[in-house]
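Student: My structure is below; once you've seen it, I'll send some questions.
Read the figures in this text as sums done on the coordinates, not as results from a lab. Here the structure is a predicted model, which is why all the values come from computation and not from measurement. In this analysis, Cβ positions are derived from the backbone assuming ideal geometry, glycine residues included, and neighbour counts consider all displayed protein chains.
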Amino acid sequence: MYTTLKEVTSKAEQLNYTVGAFNAHNLEMLPDMIRAAKEQGSPIIIQTSIDTAKYIGHENFVAVCKSMATKEMVDVVLHLDHARNFDDIKEAIDKGYTSVMFDGSHLPLKENIMKTRAVVEYAHKHGVSVEGELGTIGGTEEGIHVGEDDKVYTNPKDAIEFVKATKVDALAIAIGTNHGQYKSKTQVNIPLLREIDAVVDVPLVIHGGTGVNEQDIHELINNGIRKFNVGTELLVAWTRKAKETFEETKETKSLRHNIIPCNQAVKEVVKHKISIFRNIEDRTLILR
Ligand code: 13P
């Protein structure tokens, strides 16, 4: 079913798992991302940046997600990642995305609340879910860099006020993760996550999932993380394989010989991540 963030995260809350939110960097990799979820018997959140949505065309992402959700019988959410501008959000909603993120984390709290609330009002009228953000996640997003010294962890008291006033469906929190961290792994602040989870009742979201140590994932899920973003790892898998295949293949050979292995590499990453996100300690149980 082509569905919403609210729907898939509330099921994840009941069964204590997290839903993988994977950034689609092009249209080629999209079908295999959804097939990976099907093979793991799991819902999937496909997310795109505004620039990728514009490059491919919002309607094209919507069409593929909708048709594959029906054909493959997988719950698929199509989510707009990190939007800071109401018009971008409105465009995604009007063109059929089922979930959007308004990122007002760079704004003073009151302004973040006011702008997020306006997005929620519009989105909910159209049956679309909204993710808000409090605190700053490190690294680079949409060309804006947040250095170590500029990182601000989410304040639990602010989180209570923010969730109550905005009525968001999910909250992205800053507990030490960084966008685009590939080679090293980050130190996540689990005690802070516990504090936030104890005082707010919406699903919590991890950004910068590539830089999270896989051993920490169960602890994050057990403390309220219901949406887990992974972007860079897919990008690296696709690009590395593309470098290999394009290097080896004759220019006159059909392009699919180069592209299929790249999509397969992404599919393997998505399958592996989902197997951890299901939060079952003995993974052989679900892979059998
Ligand atoms: P990574 O690219 O670091 O995995 O982060 C993805 C993300 O959080 C998208 O918003």
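Student: Bin width 10 Å, alpha-carbon pairs only: give the P(r) of region 102-174 as whole percents, running from 0 to the bin holding the largest distance.
Tutor: For region 102-174, the binned pair fractions read 21, 51, 26, 3 percent.
Student: Hey, fewest Cβ within 10 Å first, where do Phe277, Phe246 land in order? Could the numbers behind the result be given before it?
Tutor: On the way: Phe277 27, Phe246 14.
Going from sparsest to densest Cβ surroundings: Phe246, Phe277.
Student: Right, here's the next one. On a C-alpha basis, how far is the centre of region 4-77 from the centre of region 160-181 in Å? Whole number, if you could?
Tutor: For region 4-77 versus region 160-181, the Cα centre distance is 21 Å.
Student: Hey, could you get me the Stokes-Einstein D for region 1-103, Kirkwood radius over alpha-carbon pairs, 10 °C and 1.306 mPa s, rounded to whole µm² s⁻¹? Let's see the in-between values first.
Tutor: On the way: Rh = 13.5 Å.
It diffuses with D of about 118 µm²/s by this estimate.
Student: Taking the Cα of Leu27, stepping 7 Å toward and past its beta carbon, and measuring to each backbone N in region 51-90: which are under 12 Å?
Tutor: 53-65
Student: A further question follows. Quote the convex hull volume per residue of region 171-288, based on C-alpha atoms, as a whole number of Å³.
Tutor: Values: hull volume 14.2 nm³, N = 118.
Cα-based convex hull of region 171-288, divided per residue, equals 120 Å³.
Student: Same structure, new question: For Lys241, list the aspartates and glutamates whose Cα falls under 18 Å from its own Cα; do not include residues on the same chain fewer than 8 positions away.
Tutor: Within the straight-line limit of under 18 Å, Lys241 reaches these aspartates and glutamates: Glu28, Asp32, Glu233, Glu251, Glu268.
Student: Continuing with this model, one more query. At a 10 angstrom cut-off on C-beta neighbours, averaged per residue, how do the peptides 199-209, 179-189, 86-96, 158-168 rank from highest to lowest?
Tutor: Numbers: 199-209: 22.5, 179-189: 14.6, 86-96: 17.2, 158-168: 18.8.
With the highest mean Cβ count within 10 Å placed first, the list reads 199-209, 158-168, 86-96, 179-189.
Student: Cα axis of helix 30-39 to longest principal axis of the chain: angle in degrees, 0 to 90, nearest 10?
Tutor: The helix 30-39 is inclined about 80 degrees to the chain.
Student: Let me ask something additional. Are any of the pairs Lys157/Lys227; Lys183/Lys273; Lys54/Lys95 more than 19 Å apart by Cα-Cα distance, and if so, which? Numbers along the way, then the final one.
Tutor: Values: Lys157/Lys227 22 Å; Lys183/Lys273 17 Å; Lys54/Lys95 12 Å.
Listed pairs above 19 Å: Lys157/Lys227.
Student: Ratio of alpha-carbon Rg to the 2.2 N^0.38 Å globular estimate for the chain, to two decimals, please. Mind dumping the intermediate values first?
Tutor: Working: Rg = 18.2 Å, N = 288, 2.2 N^0.38 = 18.9 Å.
Rounded to two decimals, the normalised Rg is 0.96.
Student: Given a Förster distance of 41 Å, report the FRET efficiency between Lys125 and Thr252 from their Cβ-Cβ distance, rounded to the nearest 0.05.
Tutor: On the way: r = 53 Å, r/R0 = 1.29.
Rounded to the nearest 0.05, the efficiency is 0.20.
Student: Sticking with this structure for a sec: State the extension gain, in nm to one decimal, for the chain segment bounded by Lys66 and His218, taking 0.36 nm per residue of separation less the distance between their alpha-carbons.
Tutor: Details: separation 152, 0.36 × 152 = 54.72 nm, distance 3.04 nm.
Going from the current span to full extension adds 51.7 nm.
Student: Could you line up Met68, Met101, Met114 from fewest to most neighbouring Cβ atoms inside 10 Å?
Tutor: Values: Met68 22, Met101 30, Met114 14.
Listing Met68, Met101, Met114 from fewest to most nearby Cβ atoms yields Met114, Met68, Met101.
Student: With +1 on the Cβ of every Lys and Arg and -1 on the Cβ of every Asp and Glu, and nothing else charged, how large is the dipole of the chain about its Cα centre, in debye rounded to the nearest 20? Each step should come with its number before you reach the end.
Tutor: Details: 35 positive and 41 negative charges, 148 e Å.
Computed about the Cα centre, the dipole is about 720 debye.
Student: Okay, moving on. List Lys38, Lys267, Lys243, Lys227 from most exposed to least, where exposure is judged by having the fewest other Cβ atoms within 10 Å. Walk me through the numbers on the way to the answer.
Tutor: On the way: Lys38 17, Lys267 21, Lys243 11, Lys227 30.
Going from sparsest to densest Cβ surroundings: Lys243, Lys38, Lys267, Lys227.
Student: If you restrict to DSSP beta bridges whose two residues both lie in the chain, what percentage is antiparallel, to the nearest 5?
Tutor: Values: 3 of 34 bridges.
That works out to approximately 10 percent antiparallel.
Student: How far apart, in nm, are two points set 7 Å out from the Cα along the Cα-to-Cβ line at Asp201 and at Gln187?
Tutor: Inter-label distance under the simple model: 3.5 nm.
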